[in-house]
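Below is one structure; the comments refer to it alone.
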Amino acid sequence: MAKDPVRVLVTGAAGQIGYALVPMIARGVMLGADQPVILHLLDIPPAAEALNGVKMELVDAAFPLLKGVVATTDVVEACTGVNIAVLVGGFPRKEGMERKDVMSKNVSIYKSQASALEKHAAANLKVLVVANPANTNALILKEFAPSIPDKNISCLTRLDHNRALGQISERLNVEVSDVKNVIIWGNHSSTQYPDVNHATVKTSAGEKPVRELVADDAWLNGEFISTVQQRGAAIIKARKLSSALSAASSACDHIRDWVLGTPEGTWVSMGVYSDGSYNVPAGLIYSFPVTAANGEWKIVQGLPIDEFSREKLDLTAEELSEEKALAYSCLS
């Protein structure tokens, strides 16, 4: 029996990440090879022509799962009836700009999208915020779309999670698919804490702890953490452009695991609304280890947190509390 199409909104769809993301969704990478989709693409009026070019290419690619494309600069048209929203569009920080200026621009963007999604999206909409500052943009969206349940609003830290998996895989020269259960705690920023204390690698002798196999605490507590934290900047330096294909791929991973479930015994990292778990202040969008089943995520509980980790968890929570205060000051 053929499934009904799922409507997926991508904002900033004519941009770099959008251009990498929409073919992945149309090919079934996000929702599965048997799930038809209708893409809703939104961008700002100056990008309307480029957006139409993206629509033309989607038609030209003749994706069997793609049952329609809505390409528009109208936020209400874009949000109408959507089941999943991937919010890639935002205002990037430019040279000489204060953080508050950027925050103020993003507050106004996310305020208008929140109200359109709340009024016009399908029931049980799932939202993934990609645009930076992703955690705080997601919090603003939640603030202005009170009828969307907290559990349905998230931000992307899966890119950082995947970067951590990649670094361990390269260090140990093992398949990346054999590494699991790293954790990204906190903010999608350079204060995030990539934690390998609970991570394992599948070997011929069974699953082994990453710490035991790497056998170099100085690297794991130093260079590994800073490499993952600074990877975005390293890519900008190398490409003169920010991460696009890895961000798009990670956004697909995030939604796929949320909708279709995480494999047994595996968790992933998602920026979600804190309920006070691990003594993280409630009311922040903070990255936690989560598992997902039947379209619902839940925070993995009871993991021991050592003193080194505790400091890192608190540091990134402090930054998020400051960002939250800055964002709220833009509302007044």
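The values are calculated or read from the model by the stated rules, or taken from the named source; none is laboratory data. Not measured: the values here are computed from a predicted model. All Cβ positions, even for glycine, are placed from backbone atoms using ideal geometry, and neighbour counts span all protein chains on display. These area figures cover heavy atoms from the full protein model, side chains too; ligands, DNA and RNA do not enter into them. Shrake-Rupley method; radii C 1.70, N 1.55, O 1.52, S 1.80 Å.
Scanning the stretch 192-216 for residues that are open to solvent by 70 Å² or more (accessible area, probe 1.4 Å) and either under 22 Å from residue 287 (Cβ atoms) or in contact with a helix residue (DSSP H, G or I) (Cβ under 7 Å, 6 or more places away or on another chain) (or both) returns a single hit, 202.
Residues in the stretch 86-112 that are open to solvent by 20 Å² or more (accessible area, probe 1.4 Å), modelled with pLDDT under 95 and under 17 Å from the mean Cα position of the chain (by Cα): 90, 91, 92. Looking at 70, 86, 102, just one residue is assigned to a strand (DSSP E or B) and within 25 Å of residue 327 (Cα to Cα), and that residue is 86. Residues in the stretch 49-67 that are assigned to a helix (DSSP H, G or I), hydrophobic (A, V, I, L, M, F, W, C) and surrounded by 14 or more Cβ atoms within 10 Å (Cβ to Cβ): 50, 51, 54, 58.
Screening residue 10 on (1) part of a helix (DSSP H, G or I); (2) touching a residue at least 12 places away in the same chain (Cβ under 8 Å) shows it passes everything except condition (1). Against the conditions (1) without any contact (Cβ under 8 Å) to a residue 24 or more places away in the chain; (2) closer than 22 Å to residue 257 by Cα; (3) touching a Pro at 6+ places or on another chain (Cβ under 9 Å), residue 64 satisfies every one except (2). For residue 140, the criteria (1) under 21 Å from residue 256 (Cβ atoms); (2) in a helix (DSSP H, G or I) hold in every case but one, which is (1). Of the residues in the stretch 210-230, at least one is in a loop (DSSP other than H, G, I, E, B), hydrophobic (A, V, I, L, M, F, W, C) and in the same structural domain as residue 300 (by the TED database).
Quick check, is residue 248 surrounded by 13 or more Cβ atoms within 10 Å (Cβ to Cβ), aliphatic (A, V, I, L, M) and within 30 Å of residue 23 (Cβ to Cβ)? Here the answer is yes, as residue 248 does meet what is asked.
Examine the stretch 21-30 for a residue that is in the same structural domain as residue 138 (by the TED database), assigned to a loop (DSSP other than H, G, I, E, B), surrounded by 15 or more Cβ atoms within 10 Å (Cβ to Cβ) and without any contact (Cβ under 8 Å) to a residue 60 or more places away in the chain, and state whether such a residue exists. Yes, the stretch 21-30 contains a residue that is in the same structural domain as residue 138 (by the TED database), assigned to a loop (DSSP other than H, G, I, E, B), surrounded by 15 or more Cβ atoms within 10 Å (Cβ to Cβ) and without any contact (Cβ under 8 Å) to a residue 60 or more places away in the chain. Of everything in the stretch 275-288 that is outside any strand (DSSP E or B) and in contact with a Ser or Thr (Cβ under 8 Å, 6 or more places away or on another chain), the residue that is surrounded by the most Cβ atoms within 10 Å (Cβ to Cβ) is 284. For residue 300, the stated conditions do not hold, so it cannot be described as closer than 20 Å to residue 136 by Cα, of a type outside the set (Asp, Glu) and assigned by the TED database to the domain that holds residue 192. When the stretch 31-48 is filtered for residues that are more than 28 Å from residue 261 (Cα to Cα), outside any helix (DSSP H, G or I) and open to solvent by 60 Å² or more (accessible area, probe 1.4 Å), only 44 remains.
Here residue 243 clears all of (1) assigned to a loop (DSSP other than H, G, I, E, B); (2) surrounded by fewer than 18 Cβ atoms within 10 Å (Cβ to Cβ) except the condition numbered (2). Filtering the stretch 289-308 to residues that are open to solvent by less than 70 Å² (accessible area, probe 1.4 Å), closer than 18 Å to residue 157 by Cα and not in a loop (DSSP other than H, G, I, E, B) leaves 289, 290, 291, 292, 297, 299.
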